[in-house]
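What follows is a set of notes on a single structure, which appears directly below.
The values are calculated or read from the model by the stated rules, or taken from the named source; none is laboratory data. These numbers come from a predicted model, not from an experiment. Counting neighbours? That spans all protein chains shown, and the Cβs are built from the backbone with ideal geometry, glycine included. In case anyone asks, the SASA skips ligands and DNA or RNA and just uses the protein heavy atoms, side chains included. Shrake-Rupley method; radii C 1.70, N 1.55, O 1.52, S 1.80 Å.
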Amino acid sequence: MQVNSVTPEMTPEAVASNPVGGAAQPKLRSKAGSLTVSKALLGFSLAVLAFLVAAAIVPQWIAPYSPTDMKTDQLLHSPSLSHWLGTDQFGRDVWTLIIFGSRQSLLMGIVSVLIGGLIGTLIGLIAGYCGGIVDSVFMRLNDILMTIPGILLAIAISVALGPSFFNVILAISVAAIPGKARVIRSTVLSIRSRPFIDAARAVGTSHLEIMFRHILPNCFSPLLVMMTIGVGSSILVGTGLSFLGLGVVQEIPDWGYLLSQGRSYMTVAWWVATFPGLAITLLVIVVNLIGDHLRDWMDPKRGV
Amino acid sequence: MKKSWVKAVKMATILLALTLLLSACGDGSSQATQGANAAEVDSGPVTPGGELVFALGGIVTDDNLDAHKAGNAQNGRVMRSLYDSLVVELPDHSIKPWLATSWEISEDKKSYTFHLRKDVKFHDGTPFNAEAVKFNFDRIKDPATKASSSLNEIGSYVSTDVLDEYTARINFSAPFAPFLSNAAKVDLGFVSPAAVKKYGDKYPQNPVGTGPFKLVKLVPGTEVQFEKNPDYNWAPPTAKHQGPAYLDKLTVKYVPEEATRISVLQSKQVQAADIIPPQNLVALKADNQFRVQETELLQVNFSIYLNPQKAPWNDLKVREAVRAAMDLDAAVKTIYLGTSKQAWSPISPSMLGYTPTVENSWKPDAAKANQLLDDLGWVKGADGIREKDGKKLTIEFIDTQGNREKRLDLMAVLQQQLKQAGVELKVVSLPSGTYSERRLKGDYDLVAASQFSGDPDVLRQIFSTKGPSKKNNLARANDPQLDQWLEDGYLENDPEKRKEVYKKAQEWIIQNVYSIPTYVFQYSLASVQEVNGITFDSPGWPVFYDAWIKK
Amino acid sequence: MIKYILNRIIVSVPVILGSLTLVFIIIHWLPGDPAQMIAGDDAAPERVDFLREQFGLNEPLWKQYLDYLWNSLRGDFGHSFANSQPVLERLVAQLPATLSLAVVSTIFAIVVGVALGVLSAVYRNKALDYVVRVISLLGVSMPKFWLGILLILVFSVHLRLLPAIGNGSFKQLILPSFALGLTGAGMLTRMVRNSVLEVIQEPFVVTLRSKGLTERAVLYRHVLRNALMPAITVLGVLVGEMLAGAVVTETVFSRQGLGKLVVDAINQKDIPVIQAAILITGIFTIIVNLLVDISYSYVDPRVRKAR
């Protein structure tokens, strides 16, 4: 949450609007050794992500215990052979909770990015393509949304609708719209002026077709980068909401909830909060690394 | 590639080492035995002076130090140092003089005549007298004041007659037995009439009382600084000394974040902190650098209220089955790590009229729960949840307070226990607006709450259709017999007869499962070893008048 | 230039009006009757009615809206529902604490971000580069409240170096600024590193080098100037988000501040406070973004022409 929520909006935005920043590391690529480093990092990130996705789909195959199994005689036990990451305040196995929580956390990140990305893309596409008054109106609306910090918007929405899983996702999504819309709009603007659009128009292609068949596909690369990194920041926004007591209370809690509930145990049982915290951090790092890589890979300067 | 791996691993190791280090500080002392209770420690001769910084738990939102307007517990804890009351209540519920030296109650029990101390002055130098008493009570009653809990505490107050400068007669429209006990609370503390006139709307930020400490500065949303009132010479008989307070300065800092509050106490950045979470309580008790004090807060315990006006919970047998399916003792032990006990009555054990007869009047009995539900035709479905006529046995628990004092954690344990009996407990978190709408409409299966109060008359608010909340009483009880007893209890002035009435009421409530009490909340206050003499008033607010710091 | 600024200011007016409207909509969409919430669930209906009257909630919605717009434009934000204090007074009391936190953490983010970014680029693929990259990734990836608590435990409880709570002295600002600024620092490090690497390769730098300028001179005089541009871009977003990030940081470090006030106000449905606080943050965000755009077009003529 907090400042983190800027990451996706800002970085690619800078790519689009700033001809200097944002590009990939050319020097780095020129060295054979560093190429393997970035490949290794990518491999590592993909492996971690694959594992988490697997955990999200079939947690019961991976986790050693049941996530609702409260062993009241094993409260707050430190990590051991039988409980790798210790037990929490209910006597539940922390490793099991992390495995089972990955579904909620990944869903929270991915679904909200999809919703926010979809709406943001539509707004950006229409504004950028139509230009003129439509553009001004949409962009002013976007500016209005941007004057309210994302987290406050998310808080207001969660308070208004109550902290259910879907409402939290919705809150995060709305907070993510303005940044996405801006980036897509500037990408659309640059594509619209290209000759092939004029050509399409000349042969009588409809506006809708141009928008969706010719322009949209060209926006995919910044969008993909932005959405990948956005998964991380959405998870952080969700974690922040949990901290403020607006997290979702579920029988199988997400990582943000585990971390925010475990934080008061930091001084007596560090593992209860530390491992969910590390899980969140690792996931965000991994999606950032993958996003970075995607950006390098799709960088037009590389001729891909 | 190897290099980057090594770095990453190194970073991770440092982070882990850091946390391990931290855990070491936490675990180190937990083996020792039970810590000392402050009240029994003899720390030699009193050394007056110095400043005590107190980290206050809970969320303080409104910077409101107006005794009549600030309704929540956190504000009450701060204001106790600022305001005095007419009388003081002892732990055995007897009432002793404080700002009033004596009092008489009229034959019809509707009037109380108080004879006031003549030497009492507000912090602004104006005298405390019968006019001030009249001003204060009239102020609470006046809707323009927007008084909070103090309004309930004056009951059927009508007027005050100023009989002479130091004699005031307070009149009610009906007998109101809880009045003297209420008069001992800080909510009915006395504000300076002159200050109220002077500050108007800004009085809550510029409070002036007669208490042992006076306000120096209020930093909005952050802290309140007090200094001792040098003229103070009217301590209640419960105090251990007379004259001004020992401490020169008292600073209350708002530290809502638990981990932070414990951290600043452990590193001695503050000398005292309250609402210590159970896991830290155990460790702090064992650490001889700190002392821990606990006191029972007089209140309606955090209790579970099944909605008796909604099917299937309108059937006593179903309510009984739900209660039997829960092992509260185990749940409370798990969540509060042995620092709190299971509750048996709606009211906490130290409250007037508490009856031990309800203790162990039910027990966890999975077999009985299953039997009852089976008999009623609730059959376990494929997912293990019972069904009847295509409807699942699901309890929708609406909540708006979140995991305050680990209450949702407690509910999570009960959720698992209920599941064993084929009952599903669903936690529905709602914004407070929606919550109160649904609660007032009765659109829920279960609510759970506590209610702070010093007198058993609070039961009328929660269980009676004739109480202040009428048909919308928290328990949604609609029981003429219970209404009658609770009415009797508030009109009856004889303590023994009151106790008898409330005994019957408590037993009735438990028999009918209008309430399933969960645990008895212990208010905890930890301080560094050098701090002595912090006490508690009758409902359980901390009193710093006798406190001193060993030099 | 002046024309540009004027133009921007004129464009900002409807944005502010829109922002006021959006706030109004959101607030009235929040469930619950503020009068009931202030009075408590068990309050007598007469009392709730009285409060509603006092708060002006009985007026038709359109009238409330117009009054609100008019009063906001006049700078009259009314009185807080929760404690009847004038709203402006409440906000002004909190503002310095939040501003000092935001400013110090922004400075921290810029100094650390630029320094580490340049170092990382210059020593690319050396040990230092990897350490910096790991730290910057951690910075953007760690939940802020968790970082805050870890900082307190290490620097305040264990090492006893710094105070954990309160505001006033600079010492009390260090930990919260670090917690709040680390994310920005991490973001900047990554951007500055990339842009420095990019600039180093540009033909003009190659030319400068071949002219015999020292590596140091090239770096400081030419590369750094260009590398600072992303920092300026980020600044606008950063300051706005700093104010929002303060919500969490202020709670963890028990600091006075706007963030905490707004969250409490949202929970209590203290309408006047929410309205005024969001309006102030909104105007602040607009001003900072304007300043950023101006300085940006000043630094890079290409941008000015593009407009």
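For this structure, a couple of remarks:
- Residue C:164 vs. criteria buried (at least 20 other Cβ atoms within 10 Å of the Cβ) and within 18 Å of the chain's Cα centre (by Cα): no
- Residues within the range A:239-268 that are open to solvent by less than 10 Å² (accessible area, probe 1.4 Å), modelled with pLDDT of 90 or more and part of a helix (DSSP H, G or I), tallied: 7
- Looking at B:147, B:174, just one residue is at pLDDT below 95, touching a Lys or Arg at 6+ places or on another chain (Cβ under 9 Å) and open to solvent by less than 20 Å² (accessible area, probe 1.4 Å), and that residue is B:147.
- Annotation: residue A:185 fulfils all but one of (1) open to solvent by 20 Å² or more (accessible area, probe 1.4 Å); (2) more than 27 Å from the chain's Cα centre (by Cα); (3) more than 14 Å from every other protein chain (Cβ to nearest Cβ); the unmet one is (2).
- Here the condition is being open to solvent by 50 Å² or more (accessible area, probe 1.4 Å) and over 25 Å from the mean Cα position of the chain (by Cα); of B:229, B:233, it holds for B:233 alone.
- The residues listed here are B:203, B:246, B:199; of these, the one that is in a loop (DSSP other than H, G, I, E, B), farther than 30 Å from residue B:396 by Cα and either open to solvent by 50 Å² or more (accessible area, probe 1.4 Å) or among the hydroxyl-bearing types (Ser, Thr, Tyr) (or both) is B:246.
- Subset of the range B:207-230 (residues that are in a loop (DSSP other than H, G, I, E, B), in contact with a Leu (Cβ under 8 Å, 6 or more places away or on another chain) and either under 19 Å from residue B:544 (Cα atoms) or modelled with pLDDT of 95 or more (or both)): B:207, B:208, B:209, B:210, B:211
Condition check ((1) part of a loop (DSSP other than H, G, I, E, B); (2) of a type in the set (Ser, Thr, Tyr); (3) in contact (Cβ under 8 Å) with a residue 24 or more places away in the chain) across all residues:
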{"residue": "B:440", "(1), (2), (3)": "no, no, yes"}
{"residue": "B:444", "(1), (2), (3)": "yes, yes, yes"}
{"residue": "B:447", "(1), (2), (3)": "no, no, yes"}
{"residue": "B:461", "(1), (2), (3)": "no, no, yes"}
{"residue": "B:467", "(1), (2), (3)": "yes, no, no"}
{"residue": "B:477", "(1), (2), (3)": "yes, no, yes"}
{"residue": "B:481", "(1), (2), (3)": "no, no, yes"}
{"residue": "B:489", "(1), (2), (3)": "no, no, yes"}
{"residue": "B:503", "(1), (2), (3)": "no, no, yes"}
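- Qualifying strands (runs of 3 or more DSSP E) (wholly inside the range B:348-435; at least 2 residues being in contact with a strand residue (DSSP E or B) (Cβ under 7 Å, 6 or more places away or on another chain) and open to solvent by less than 40 Å² (accessible area, probe 1.4 Å)): B:394-399, B:424-429
- If you filter the range A:220-235 down to residues that are farther than 20 Å from residue A:101 by Cα, in contact (Cβ under 8 Å) with a residue 40 or more places away in the chain and not β-branched (Val, Ile, Thr), you find that the one that is surrounded by the fewest Cβ atoms within 10 Å (Cβ to Cβ) is A:224.
- Some residue of the range B:152-173 being farther than 20 Å from residue B:104 by Cα and in contact (Cβ under 8 Å) with a residue 40 or more places away in the chain: yes
- Within the range C:147-174, being within 20 Å of residue C:106 (Cα to Cα) and in contact with a Gly (Cβ under 9 Å, 6 or more places away or on another chain) holds for C:147, C:167, C:172.
- Residues within the range C:1-30 that are in a helix (DSSP H, G or I) and either open to solvent by 90 Å² or more (accessible area, probe 1.4 Å) or of a type in the set (S, T, N, Q) (or both), tallied: 10
- Exactly one residue out of B:396, B:387, B:424, B:405 is more than 14 Å from chain C (Cβ to nearest Cβ) and closer than 21 Å to residue A:260 by Cβ, and it is B:405.
- Residues that are within 14 Å of another protein chain (Cβ to nearest Cβ) and more than 24 Å from the chain's Cα centre (by Cα) were ranked within the range B:206-217; the one that is least open to solvent (accessible area, probe 1.4 Å) is B:206.
- Looking across the range C:96-105, the residues that are more than 14 Å from chain B (Cβ to nearest Cβ) and open to solvent by 10 Å² or more (accessible area, probe 1.4 Å) come down to C:99, C:103, C:104.
- Checking C:151, C:188, C:182, C:175 one by one, the residue that is at pLDDT 90 or above, within 14 Å of chain A (Cβ to nearest Cβ) and open to solvent by less than 20 Å² (accessible area, probe 1.4 Å) is C:151 and no other.
- Listed by position, the helices (runs of 4 or more DSSP H) contained in the range A:91-179 that have at least 1 residues being on the phi > 0 side of the Ramachandran plot and either open to solvent by 10 Å² or more (accessible area, probe 1.4 Å) or of a type in the set (S, T, N, Q) (or both) are A:132-147.
Residues are listed down the side, and each one gets a yes or a no for (1) under 19 Å from residue B:303 (Cα atoms); (2) in contact with a helix residue (DSSP H, G or I) (Cβ under 8 Å, 6 or more places away or on another chain):
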position: B:408; (1), (2): yes, no
position: B:431; (1), (2): no, yes
position: B:446; (1), (2): yes, no
position: B:461; (1), (2): yes, yes
position: B:470; (1), (2): no, no
position: B:486; (1), (2): yes, yes
position: B:492; (1), (2): no, yes
position: B:495; (1), (2): no, no
position: B:520; (1), (2): yes, no
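- Residue A:161 vs. criteria within 24 Å of the chain's Cα centre (by Cα), farther than 21 Å from residue A:59 by Cβ and of a type outside the set (Phe, Trp, Tyr): yes
- Hey, residue B:280 within 11 Å of chain A (Cβ to nearest Cβ) and polar (S, T, N, Q) or not: yes
- When residue C:68 is tested against (1) more than 8 Å from chain B (Cβ to nearest Cβ); (2) open to solvent by less than 50 Å² (accessible area, probe 1.4 Å); (3) free of Cβ contacts under 8 Å to residues at least 12 places away in the same chain, just one condition goes unmet, and that condition is (3).
- Residue B:65 meets the conditions (1) out of contact with any Asp or Glu (no Cβ under 9 Å at 6 or more places or on another chain); (2) surrounded by 19 or more Cβ atoms within 10 Å (Cβ to Cβ); (3) of a type in the set (A, V, I, L, M); (4) in a strand (DSSP E or B) in every case but one. The failed one is (4).
- Any hit, the range B:123-140, residues being more than 14 Å from chain C (Cβ to nearest Cβ), under 28 Å from residue B:272 (Cβ atoms) and not charged (D, E, K, R): yes
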